[in-house]
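Worksheet: the structure to be examined is printed underneath.
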Amino acid sequence: VRVRVVGDLARVPEDVRAEMMAVMAQTAGHDRAVLTICFSYTSRHEIAAAVAALATRCASGELDPEAVSAPALEAAFCTHDDAVPPVDLLLRTSGEKRLSDFLLWQSADALTFFTPVQWPELSLFSFLCILLRYQLSKPQLDAVLQTPATPVQATAARPAGAHVSALHRGGARAASAGAGDNGSTSAVVMR
């Protein structure tokens, strides 16, 4: 397992940051799976840092401003890794029904489940039930995603969360879901 620690690591004490870097260096060659740990992380900071990086590249002439796009922004995220598929499932434990500035961009097309269970009490059985609900919901979600947009939808900005209210099943809100290019699934659990 290759370990990645991402976030605003400048805020982490030097000795802890050194340990993080050591673990990342020791596992850098591992390619069976990737464990990304978001530490001192917020989506706002990640997006702002990515925009600043793109602006710096444009100012230096390294990047043509016309080349700035959503994929270019995503590639500048600290969470970006070509070996990690897009987030398909986001599980929020603790009864909170918000994402708390966590992977906001990356989870835009993810199926999101909110559960009142606290993270330490989430059993394997409960997690498997959530995965089954994901598998059962996926074809319906894919159908919604593949529905052609009307000209009004294509040109008008939708209010934030409009896609979330489109589907609501059994207490789980669904935006969309999709497997990675290699058929793998990425799940994120937040507490």
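If the condition is being farther than 23 Å from residue 86 by Cβ, open to solvent by less than 40 Å² (accessible area, probe 1.4 Å) and either aromatic (Phe, Trp, Tyr) or in a loop (DSSP other than H, G, I, E, B) (or both), then the range 9-42 contributes only 12.
Restricting the range 43-82 to residues that are under 12 Å from residue 6 (Cα atoms) and open to solvent by 60 Å² or more (accessible area, probe 1.4 Å) leaves a set whose member that is farthest from the chain's Cα centre (by Cα) is 45.
The values are calculated or read from the model by the stated rules, or taken from the named source; none is laboratory data. Nothing here was measured: the structure is a model prediction, and the numbers come from that model. Methodologically, a virtual Cβ is constructed for each residue, glycine included, from the backbone with ideal geometry; neighbour enumeration extends over all protein chains shown. Keep in mind that these areas ignore ligands, DNA and RNA; they rest on the heavy atoms of the full protein, side chains included. Shrake-Rupley method; radii C 1.70, N 1.55, O 1.52, S 1.80 Å.
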